[in-house]
Ligand SMILES: [Mn+2]
């Protein structure tokens, strides 16, 4: 019975060695396979790819097994929601044309089984992310993207890959202990009446009860292979045994 809602984020396909990436892509395909009979919807909460830049006639090489699986799931009637992360926001029509999946560039607000969900990649909420927020504005600017797209894809993608390394180590170094902007943001949303605030970006799996709601961080598929599942009235953060 397809009555469950799944959440994954920060898979960062293409990040590590070819061998590790093969393993990871297979794991994601296996994961999608394992939820096929149970999923009503799947939420990809950003950073599925470590570096995705889409040109008019060119998309990054690879990921065919994953694309075939995504297509299979969509055709079987499962709705896949894809929120852009800070590593894969640069998109054209590829996902829309191939799979009928619209990329969401902001938050998704949904009521599921009577519970209110606020879903966002989570980038830009950390207190010391202001430098990043500035870069994000530039990178998401249409004119800047047009200019950038004039670079040969081999150059454009290599350049983006090198800055993506920096942005990740930058994110991981952030002090989340004392002044966790993401947690405070979640708290604010819960005060506004949301039952679940679900984010990624931090790369550390975390579930925290705040007042009448929950702040969930989905972790990542670099170290943790975690995912969230919501069924009936219960949310669980689980580990996929790859
Ligand atoms: Mn990430």
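All of the numbers you see were taken from the coordinates with simple rules; none came from a lab. What you see is a predicted model; the values in this text were computed from it and never measured. Because the Cβ atoms are built from the backbone with ideal geometry, glycine has one as well, and the counts that use them run over all protein chains shown.
Express in nm, to one decimal, how much length is gained between residue 241 and residue 27 on full extension, taking 0.36 nm for each residue of separation and deducting their alpha carbon distance.
Contour length minus Cα-Cα distance gives 76.2 nm.
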Open item on the list: What is the distance in Å between the Cα centroid of segment 90-111 and that of segment 179-242?
Closed with: 21
- [ ] Counting helices only, and only those DSSP H runs with n ≥ 4, report the 222 nm mean residue ellipticity of the chain as the sum of -39,500 (n - 2.57) divided by its residues, in deg cm²/dmol to the nearest 500.
- [x] -11000 deg cm²/dmol
- [ ] For residue 20, put the label point 7 Å out on the Cα→Cβ axis and report which residues of segment 61-98 keep their amide N under 18 Å from it.
- [x] 63, 87
Task: Amide N of segment 63-106 lying under 15 Å from the label point, which is placed 7 angstrom from the Cα of residue 36 along Cα→Cβ - done: 65-79
TODO: Kindly rank 112-120, 82-90 from highest to lowest mean number of other beta carbons found within 10 Å of each residue.
DONE: 82-90, 112-120
Open item on the list: Rg over Rh of the chain, using C-alpha atoms and the Kirkwood radius, what does it come to?
Closed with: 0.95
TODO: Please give the length that would be gained between residue 3 and residue 161 if that part of the chain were fully extended, namely 0.36 nm times their separation in residues minus their C-alpha to C-alpha distance (nm, one decimal).
DONE: 53.1 nm
Open item on the list: With the crude spin-label approximation of a point 7 Å out along Cα→Cβ, what separation in nm comes out for residue 93 versus residue 106?
Closed with: 2.4
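Can you put 1, 182, 199 in order of Cβ neighbours within 10 angstrom, beginning with the fewest? Write out the running numbers ahead of the final one.
Numbers: 1 7, 182 25, 199 29.
If I rank by nearby Cβ atoms, fewest first, I get 1, 182, 199.
Relative to the present Cα-Cα distance, how much length would full extension add between residue 56 and residue 147 at 0.36 nm per residue of separation?
31.5 nm
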